[in-house]
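Only one structure is covered here, and it is reproduced in the block below.
What follows draws every value from the coordinates through simple rules; no lab data is involved. Every value quoted in this text rests on a predicted model; they were computed, and no experiment measured them.
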Amino acid sequence: MEIKSSLRSFFRSRPVVLEIAALLSILAIAFTIRMLPIRWGTLLSEFDPWMQFRQAEFIVERGWSGFSEYFSWVDMERWYPYGQVVSRSFYPGLPFALAFIYLSLSSIGIHVNLLELAVVFPVIMSMIA
């Protein structure tokens, strides 16, 4: 019973509506600021995002089996003449999440561009974090 009374006094002492409105406005401002560069087109501006995108593209091109094929992928377009073992050189978290979201959306009939998803995905994840 004491917990209920302490919760009631907590919510009475604070205007919850103002806190929620402030939080939502902060999230909206953060989203808007992070999305401003899209005015000039969807672009990945650094080397690492392009590599993450390329790995996600590799997985998406092979479908759901691409997740297992990723670990045996030797990228022959890099580090001539022997290639690069991608699974030992990069973290698979972002490409796997990106490919999983893309394949999940495609399987339920929502078709999006992988590059646009790769641009918007970090913005949404930074808002959640």
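Spatially, the stretch 34-76 and the stretch 114-129 are offset by 13 Å when compared through their Cα centroids. Pull out a ≥ b ≥ c, the square roots of the eigenvalues of the alpha-carbon gyration tensor of the chain, then state rounded if a/c is under 1.5, prolate if not and a/b is larger than b/c, and oblate in the remaining case. Prolate shape, in that a/c is at least 1.5 and a/b is the bigger ratio.
Per residue, the average separation of C-alpha pairs within less than 8 Å and at least 6 apart gives the chain a relative contact order of 26 percent. Here the Karplus relation 6.51 cos²θ - 1.76 cosθ + 1.60, evaluated at θ = phi - 60°, turns the backbone of the stretch 102-118 into coupling constants of 4, 5, 5, 5, 5, 6, 9, x, 9, 9, 10, 7, 5, 5, 5, 5, 5 Hz, with x for every Gly and Pro.
Per-residue 3J(HN,Hα) values for the stretch 61-78, derived from phi via the Karplus relation 6.51 cos²θ - 1.76 cosθ + 1.60 with θ = phi - 60°, read 4, 9, x, 5, 6, x, 5, 7, 5, 4, 6, 10, 7, 10, 7, 7, 7, 10 Hz in sequence order (x marks Gly and Pro).
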